[in-house]
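Chemist: Sharing a structure with you now.
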Amino acid sequence: MSLTRRRFLGWIGAAGASTVLGSSADASSTVHFKGYADSFAILHDITLCVGCRACETACNKVNELPPPDLPFKDLTVLNQKRRTTAKAFTVVNRFENAKTGSLSPAVFVKKQCNHCLEPACASACFVKAFKKTPEGAVSYDHSVCVGCRYCMVACPFEIPSYEYDNAFSPRVMKCTMCHPRILQGQLPGCVEACPKEAISFGKRKDILNIARERIKKHPERYLDHIYGETEMGGTSWLYISGVPFEQIGMREDLGITPAPELTSGALGAVPIVVGLWPVLLTGIYAISQRKEKVSAEEQALAVAEAVEKTQALAKQKLTGELEKAKKDALKDKDSAIKQAVKKALDDAAAAIVKQEASNV
Amino acid sequence: MSEKTLSVNKTLLTPFNIFAGIVLVIGFFITVLRFTKGLGAVTNLSDNNPWGLWIGFDLLCGVSLAAGGFVTSAAVYIFGMKRYHSAVRPAILTGFLGYALVVFALNYDVGRPWRLPYPFIIQQGTTSLLFEVGACVALYLTVLFIEFTPAVLEWLGLKKARNLVVRLTMLLTIFGVVLSTLHQSSLGALYLIAPSKLHPLWYSTYLPVYFFVSSIIAGLSMVLFESTLSHHYFEDKMDETHLKENTGVTLGFGKAASLVLAGYFTIKIVGLAISNNWHYLTTGYGAWFLLELLGFVALPCFLYAVGVRDKNVKLIRWTALLTVLGIVLNRLNISLIAFNWQLPSSERYFPHWMEIMVSVFIVVVGILVFRFIVTKMPILYEHPDYKGNH
């Protein structure tokens, strides 16, 4: 395999174009989506939560989920860190208080779908089963779901769960923000059930103001951070806390980039590849074909030249030989004549000598 | 070799056949279990680990190792390397079988496989990289099928249809390269959405480029690896051209693989530098990352180069195996080992034995179908009626 200049240039072109895939440029990304106007949000004031699990009970009832293994009144489940499952759309976890370094007073945090403004699950779903509704809820349509579980891979909050034990109609399961109840003018189950008003429901812009005001009024009670205001581009569940979120199981390293932007660069490369690859490949094909044609022509030319040269040489040789032969023939003729003349003279001389002798 | 002599004697009870038979029976029972009791009965998948071995190995490794089809046909038909023509058919066949098995395996993994056409006929989730993967894999499987049909048509003696398909070669090759570029890279891009779950040493905005470039390496190495196996078991099926061209193919592909590996190594280092992830190299994950990068990228790059310089066919073949293992390691790292690294070890995933058996079952099915086809159809030799006619 010889590397010619042309072929090398072809490869360089291919390598250069493929780097397009790595860029994350997106012409439309200068517009920041701040969520639907008038959409709802829920504030979880972590400092008010007492870990009574009333929200879990209400959620179970409203969503008609199967009864839990241990009754909701049993608070020993708090000894383990739990996540949302197909049977529990919301869970309360207990954490050590960073201020006292012990469980008194413990910090309780409710966990459920955060209903992102630009949801990773919706962006990842290849059959559009997830939708961000104008009311704020991220809804899921099990009637189209294929069960690829890419939504679960994509979710930065580790929320969606799957009915692995259902063979014929498994569904992705997660909090619905009680979207059907919101549409009927009712409060979400957990909000209604909370005895401590640790969860408040309202328009997202009002909820944000409430959170800001509480932080402003009680700087000794709260950290100056509304979790969910910007995390992953913003969510419809918002949290305020007296201890760092990182210490109560909420990641602070997620960044503020909405999930869809993470893949927009790769998706944007698709039409570019579709448009340019055939041109590039046909070009390389044409070059390799032409190279072959040229080399064939050059070969033919070289052969023709060689033939001509050989012929010329042969001709030259032939003429040379002919001349030599002619020369030789002439020489032969000369010598023959000379010889004949000599012989004739000799004969004549001999004859004279003979005659003279006879005359004597 | 023993395989060869036994197949001449028409004995079916070879060690491989017995092994394959057992795997098929176990595979059948697990299949029944999977589709009657659900994913939970046969897998260790969980809410935190929704993708396991069937995605990490069957899908990611399957697709990248089946890249030989597009790499070889591009080299021969587009780049004009006609000396490698005899390598095209086996590569296309491996590619076709590889993709067919990937789609077959997906039926085990997704919750409701009968809905797999939904993304195309019901609602198109075009914002999803998985949609792109699905669309390209479906289209490319079709392309590979058409590219493969000349062998079947020659076997069946349908001359006119065969010649018609052969005339489409260029178009199909270009289409195949476009589709392969897209879905090979998209498989890497699938993980772009989860920067918080994939270890920073493996997460990179260049993931799609890494997957595409490494798929070329995988394709070249698989052609070499598979030709080694074919030489061992099906040498009697190979014609003079195939045998004569084989050393050239081995040296040429080895050289190309060495070059692409060098490029891949460079861009991996570039990615490391751009994300400024050097400090992770001193951690446990860093050691693992270095093992992958030095042992399975830099080393084969070097060994291929030495093999080509010394015309050492044996070394090149062993290097091909090393490279293939390296690609498998890379895909498993991204999908399983470095994925969810933030979770405590008690919540991490390890495949259930039945998941492993299903993967083995699928590989065995692939080998059996491959064997059936190369012993029946003109793959490793040219059909006498069409000699030199391409």
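A short reminder: the numbers here are calculations on the coordinates, not readings from a lab. Being a predicted model, the structure only gives us computed values, none of them experimental. Every residue, glycine as well, gets a Cβ built from its backbone with ideal geometry; the counts of neighbours run over all protein chains shown.
Chemist: Please express the shape of segment A:124-206 as an equivalent ellipsoid: the semi-axes are the square roots of 5 times the eigenvalues of the C-alpha gyration tensor, given largest first in whole angstrom.
Modeler: On the way: eigenvalues 142, 41, 33 Å².
After scaling each eigenvalue by five and taking roots: 27, 14, 13 Å.
Chemist: Dividing the alpha-carbon Rg of segment A:61-175 by 2.2 N^0.38 Å yields what? The partial results should precede the final answer.
Modeler: On the way: Rg = 16.1 Å, N = 115, 2.2 N^0.38 = 13.4 Å.
Relative to the rule-of-thumb radius for its length, segment A:61-175 sits at 1.21.
Chemist: Scanning chain B for helices, which whole DSSP H stretches are 18 Å or more long along the axis (Cα) and average -0.5 or more by Kyte-Doolittle?
Modeler: Values: long enough: B:15-37 (33 Å, 1.67); B:88-109 (31 Å, 1.19); B:129-156 (39 Å, 1.72); B:169-189 (29 Å, 1.26); B:207-233 (37 Å, 1.10); B:240-274 (50 Å, 0.73); B:313-332 (29 Å, 1.35); B:353-376 (34 Å, 2.03).
For chain B, where a helix must reach 18 Å along its axis and average at least -0.5, the hits are B:15-37, B:88-109, B:129-156, B:169-189, B:207-233, B:240-274, B:313-332, B:353-376.
Chemist: Divide by every residue of chain A the summed helix terms, -39500 (n - 2.57) for each DSSP H run of at least 4, and state the resulting mean residue ellipticity at 222 nm, rounded to the nearest 500 deg cm²/dmol. Before the final figure, lay out each step's value.
Modeler: Working: 8 runs with 158 residues, N = 360.
My calculation for chain A gives -15000 deg cm²/dmol from helical runs alone.
Chemist: Next up: With 10 Å bins from zero, work out the P(r) of segment B:172-310 over every alpha carbon pair and list the percent per bin.
Modeler: 11, 33, 32, 18, 6, 1
Chemist: In chain A, if the dipole is taken from +1 on Lys/Arg beta carbons and -1 on Asp/Glu beta carbons about the Cα centre, which of A:His179, A:Ala198, A:Trp277 is farthest to the positive end?
Modeler: Farthest towards the positive end: A:Trp277.
Chemist: Kirkwood hydrodynamic radius for the protein assembly as shown: how many Å is it when counted over pairs of different Cα atoms? Walk me through the numbers on the way to the answer.
Modeler: Working: mean 1/r = 0.0330 Å⁻¹.
Over the protein assembly as shown, the inverse of the mean reciprocal pair distance is 30.3 Å.
Chemist: Given the C-alpha centroids of segment B:147-182 and segment A:232-283, what is the distance between them in whole angstrom?
Modeler: 39
Chemist: Please compute the Cα-Cα pair-distance distribution of segment B:24-135 with 10 Å bins starting at 0, giving whole percents from short to long.
Modeler: 12, 32, 32, 17, 7, 0
Chemist: Another question, if that's okay. Ignore the peptide's own chain and count Cβ atoms of other chains within 10 Å of each Cβ in B:109-120; give me the average, rounded. Present the calculation step by step, with values, prior to reporting the outcome.
Modeler: Details: counts 3, 7, 15, 12, 2, 2, 7, 4, 1, 8, 8, 2.
Partner Cβ neighbours, averaged per residue: 6.
Chemist: Can I ask one more? Kirkwood Rh over Cα pairs of segment A:256-324 into Stokes-Einstein at 20 °C, 1.002 mPa s: D in µm²/s?
Modeler: On the way: Rh = 17.5 Å.
In µm²/s, the coefficient is 122.
Chemist: With the calculation restricted to Cα positions, what are the radius of gyration and Dmax of segment B:165-242 in angstrom?
Modeler: My reading of the Cα-based Rg and Dmax gives 17.8, 55 Å.
Chemist: Using a 10 Å cut-off around each Cβ of peptide B:208-218, what is the average number of partner chain Cβ atoms that fall inside? Please list the in-between numbers first.
Modeler: Working: counts 8, 9, 2, 1, 3, 3, 0, 0, 0, 0, 0.
Across the residues of B:208-218, the mean count of other-chain Cβ atoms within 10 Å is 2.
Chemist: Provide the per-residue ³J(HN,Hα) series for segment B:80-87, in order, calculated from phi with Karplus coefficients 6.51, -1.76, 1.60 and θ = phi - 60°, each as a whole number of Hz, with x at glycine and proline positions.
Modeler: Result, ordered by residue: x, 8, 5, 5, 9, 4, 5, 8 Hz.
Chemist: Same structure, new question: Regarding segment B:239-311, what whole-number volume in Å³ per residue does the convex hull of its Cα atoms give? Can you show the working numbers first?
Modeler: On the way: hull volume 6.4 nm³, N = 73.
It comes to 88 Å³ per residue, whole-number rounded.
Chemist: Rounded to the nearest 20 debye, what is the charge dipole size of chain A about its Cα centre when +1 sits on each Lys and Arg Cβ and -1 on each Asp and Glu Cβ? If you can, show how the numbers build up before the last one.
Modeler: Numbers: 47 positive and 39 negative charges, 88 e Å.
The calculation lands at about 420 debye.
Chemist: Can I ask one more? Mind checking which of A:Gly242, A:Ala340, A:Val92 is farthest towards the positive end of the protein assembly as shown's charge dipole, using Cβ charges of +1 (Lys, Arg) and -1 (Asp, Glu) about the Cα centre?
Modeler: Farthest along the dipole direction, towards plus: A:Ala340.
Chemist: Something else: Between B:Tyr386 and A:Ala312, what's the calculated FRET efficiency when r is the beta-carbon distance and R0 is 56 Å? Round to 0.05. Please list the in-between numbers first.
Modeler: On the way: r = 44 Å, r/R0 = 0.78.
Once the sixth-power term is evaluated, E becomes 0.80.
Chemist: How many angstrom separate the Cα center of segment B:186-217 from the Cα center of segment A:55-110?
Modeler: 36
Chemist: R0 = 22 Å: FRET efficiency of B:Asn107 with B:Phe19, Cβ-based, nearest 0.05?
Modeler: Details: r = 24 Å, r/R0 = 1.09.
Working from the Cβ atoms, E equals 0.35.
Chemist: I would also like to ask the following. Give the separation of the Cα centroids, segment B:62-88 to segment B:264-312, in Å.
Modeler: 25
Chemist: Right, something else. To the nearest 20 Debye, how big is the dipole of the protein assembly as shown about its Cα centre, given +1 on the beta carbon of each Lys and Arg and -1 on that of each Asp and Glu?
Modeler: On the way: 74 positive and 58 negative charges, 181 e Å.
Charge dipole, the protein assembly as shown, about its Cα centre: 880 debye, nearest 20.
Chemist: Against the 2.2 N^0.38 Å scaling, with N counting residues, where does chain B land? I'd like the Cα-based Rg ratio to two decimal places.
Modeler: Working: Rg = 21.1 Å, N = 390, 2.2 N^0.38 = 21.2 Å.
Ratio of Cα Rg to 2.2 N^0.38 Å: 1.00.
Chemist: Cα atoms only: what Rg and Dmax, in Å, come out for segment A:89-143?
Modeler: For segment A:89-143, the Cα-based Rg and Dmax read 16.7, 49 Å.
Chemist: For segment A:297-360, how many pairs of lysine residues have a Cα-Cα distance under 24 Å, where the two are 8 or more positions apart or belong to different chains?
Modeler: Total qualifying Lys-Lys pairs in segment A:297-360 comes to 24.
Chemist: Follow-up question, since we're still on this one. Only Lys, Arg, Asp and Glu count, each charged at its Cβ (+1, +1, -1, -1), so figure out the dipole size of segment B:130-281 about its Cα centre, rounded to 20 debye. Please list the in-between numbers first.
Modeler: Working: 9 positive and 9 negative charges, 70 e Å.
Using Cβ point charges on Lys, Arg, Asp and Glu, segment B:130-281 gives about 340 debye.
Chemist: Pairs A:Lys99/A:Lys203; B:Lys160/B:Lys376; A:Lys110/A:Lys132; B:Lys160/B:Lys244; A:Lys34/A:Lys196: which exceed 24 Å Cα-Cα?
Modeler: On the way: A:Lys99/A:Lys203 32 Å; B:Lys160/B:Lys376 20 Å; A:Lys110/A:Lys132 22 Å; B:Lys160/B:Lys244 30 Å; A:Lys34/A:Lys196 30 Å.
Pairs exceeding 24 Å: A:Lys99/A:Lys203; B:Lys160/B:Lys244; A:Lys34/A:Lys196.
Chemist: Let me know the Rg and Dmax you get for segment B:56-96 when you use only its Cα atoms, in Å.
Modeler: 11.2, 35
Chemist: Mean residue ellipticity at 222 nm from the helices of chain B, using -39,500 (n - 2.57) per DSSP H segment of n ≥ 4 over the full residue count, to the nearest 500 deg cm²/dmol? Provide the component values of the computation, followed by the final result.
Modeler: Values: 16 runs with 252 residues, N = 390.
Mean residue ellipticity at 222 nm (helix-derived): -21500 deg cm²/dmol.
Chemist: Once R0 is set to 25 Å, what does the formula 1/(1 + (r/R0)^6) return for the Cβ-Cβ distance between B:Leu243 and B:Leu171, expressed as a FRET efficiency to the nearest 0.05?
Modeler: On the way: r = 31 Å, r/R0 = 1.23.
With R0 = 25 Å, the Cβ-Cβ based efficiency is 0.20.
Chemist: To continue, here is another question. Determine the shielding of peptide A:277-289 by partner chains: average, over its residues, the number of Cβ atoms on other chains within 10 angstrom of each Cβ. Write out the running numbers ahead of the final one.
Modeler: Working: counts 8, 5, 1, 4, 11, 3, 1, 4, 8, 1, 3, 6, 2.
So the per-residue partner count for this stretch is 4.
Chemist: Report, to one decimal in Å, the Kirkwood hydrodynamic radius for chain A based on all distinct Cα pairs. Provide the component values of the computation, followed by the final result.
Modeler: Numbers: mean 1/r = 0.0358 Å⁻¹.
Radius from the Kirkwood sum: 28.0 Å.
Chemist: Within segment A:100-141, which residues have the backbone N less than 20 Å from the label spot 7 Å out from A:Ala37 along Cα→beta-carbon, could you tell me?
Modeler: Residues A:117-118, A:132-137 fall inside that zone.
Chemist: Quote the convex hull volume per residue of segment A:217-258, based on C-alpha atoms, as a whole number of Å³. Numbers along the way, then the final one.
Modeler: Working: hull volume 2.8 nm³, N = 42.
So the per-residue hull volume is 67 Å³.
Chemist: Given Cα positions, please report Rg to Rh for segment A:239-360, the hydrodynamic radius being the Kirkwood one.
Modeler: Values: Rg = 50.9 Å, Rh = 26.2 Å.
Taking Rh as the inverse mean 1/r over Cα pairs, Rg/Rh reads 1.94.
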